[in-house]
RNA sequence: CGGGGUGUAGCGCAGUUGGCUAGCGCGCUUGCUUUGGGAGCAAGAGGCCGUGAGUUCGAGUCUCACCACCCCGACCA
């Protein structure tokens, strides 16, 4: 991609009221554009990052389930049937904007904040035998939650993207077997995203459902919203909400010996048990023809939030620093008064299948360098009168530059 | 929802005890010079001062209401 193709420019300045690092840098670098409190357009660079994050999630989920795309609009009836229409206070619904025409459709719909209420009856339609189970289906989509207070850029929005996987089982034992199998899938995702070391599986409350505890994945982050009690040695943490004296006794943990840190929740897995299958009368026939309730689990990961967390985690004084796996491009190419040479290298890199962003603007060197630092692509290549037939290589996180032959550059980038 | 703050040019901001033609920087346009860390000079274009009611001879400035956004808390992926 050429920088001149992108109609969303970087900016030298940004509103002083943007305190959150991810909101500030992503806005300044032209990755996102805010439309409302807690709702952002993904611009070309931001969309590339988000897509890569979601593809990493997708690769792991494809090992345990199949992907579908569901509607965001949901019938109110489904939410009434689960009893959640009145109780979920972040629920949003549509309202027709005007009633000028008599034949106008005035039906109101739920804007789905999560999809249990839709997927349960859908799966139940054709899967009534023990032979059909277990089932595991996921989706990566935009979800809507009327948060009382959207904040911190991508960390908490009213419209955000999230992966949800739903699983359906013949028994609690089978559900828990699957539930346990999800943990390594989640760890693999955080590992690939570059935050594996700082992300801990965390015991949290089971909420309104029938299990006592559930698990979250928390990334240690000063600007995180949650407080967790961290046991670094055993790589496990406890959400503050489950650190009462009773919890301590039940779990056999001495919380006073643990480190208290701020963290951001980047995933959760939850045994739903039979809450939704009961609400939607989803039963299956076992070997004896007896009807039994289906056991369900749900497994979420907020992809837009992850993008924000990763910015917060790695940014330095000059801008963002993307892990290789999700950087919008593998390399940024800058030409300094060497447009033809730039185009030549740009074409070669592209032909080799390397993702390259070419800053082909008619800008001064300083402006291009500053923007490259801000955007945070892992490798910066420069061609100019100084570099001759060679190419200057600089890693985003280093101050060292080196002159390399084109072939060497291609070799290095292939890895 | 409680508390605190902010709405003035595309973006970032200033605007005195109410005063006449509303400024500055960035960006944008044109020209010349410059060219490896956000260039210089010159000439331009660009405003319903968030919205609505008041007070006043006169409101960006004062009053009230509303809306939006940011921050703390409560709540939540």
For this session: Return A:216, A:241 ranked ascending by Cβ neighbour count within 10 Å, so the fewest neighbours appear first.
Result: A:241, A:216
Exercise. Going highest first, how would you order A:356-369, A:308-321 by mean Cβ packing within 10 Å?
Worked result: A:308-321, A:356-369
Problem set entry | Centre separation in Å (Cα based) which lies between the stretch A:322-353 and the stretch A:184-261 | 41
Seminar exercise, completed: One would report the antiparallel percent of DSSP beta bridges in chain A, rounded to the nearest 5, as 80
Problem set entry | Gained length - residue A:16 relative to residue A:259, 0.36 nm times residue gap less alpha-carbon distance | 84.1 nm
Exercise. Hey, with R₀ at 30 Å, roughly what FRET efficiency would residue A:325 and residue A:402 work out to, going by the Cβ-Cβ distance, to 0.05?
Worked result: 0.80
For this session: Express in nm, to one decimal, how much length is gained between residue A:55 and residue A:249 on full extension, taking 0.36 nm for each residue of separation and deducting their alpha carbon distance.
Result: 65.7 nm
Problem set entry | Sites residue A:314 and residue A:171, calculated FRET efficiency, Cβ-Cβ separation with R0 45 Å, nearest 0.05 | 0.55
For this session: May I ask for the angle, rounded to the nearest 10°, between helix A:172-193 and the longest principal axis of chain A, with both axes built from Cα atoms and the value confined to 0 to 90°?
Result: 10
For this session: Can you quote the Å³ per residue value for the convex hull of the Cα atoms in chain A, rounded to an integer?
Result: 193
Exercise. Counting each DSSP H run of 4 or more residues in chain A as -39500 (n - 2.57), what helix-only mean residue ellipticity at 222 nm follows after dividing by all residues, to the nearest 500 deg cm²/dmol?
Worked result: -9000 deg cm²/dmol
Problem set entry | Order of A:295, A:85 - criterion: other Cβ atoms within 10 Å of each residue's Cβ, fewest first | A:85, A:295
Problem set entry | Sequence ranges A:72-78, A:146-152, ranked by mean other-Cβ count within 10 angstrom, highest first | A:72-78, A:146-152
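Starting from the Cα gyration tensor of the stretch A:215-300, take the square roots of the eigenvalues, sort them a ≥ b ≥ c, and report rounded, prolate or oblate (rounded when a/c is under 1.5, otherwise prolate if a/b is larger than b/c, else oblate).
Since a/c reaches 1.5 and a/b is larger than b/c, the shape of the stretch A:215-300 is classed as prolate.
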For this session: With a/c under 1.5 counting as rounded, go ahead and sort the stretch A:336-415 into rounded, prolate or oblate using the C-alpha gyration tensor (a ≥ b ≥ c being the square roots of the eigenvalues; past the cut-off, prolate if a/b is larger than b/c, else oblate).
Result: rounded
For this session: Sort A:47, A:381 so that the residue with the fewest other Cβ atoms within 10 Å of its own Cβ comes first and the one with the most comes last.
Result: A:47, A:381
Exercise. Pulled fully out, how much extra length does the chain show between residue A:281 and residue A:5, if you take 0.36 nm times their separation in residues and subtract their Cα-Cα distance?
Worked result: 94.0 nm
For this session: Extending each Cα 7 Å along its Cβ direction at residue A:340 and residue A:205, get the distance between those two points in nm, one decimal.
Result: 7.0
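All of the numbers you see were taken from the coordinates with simple rules; none came from a lab. Quantities reported herein were computed from a predicted structural model and do not represent experimental measurements. Cβ atoms come from the backbone with ideal geometry, glycine included; neighbour counts cover every protein chain shown.
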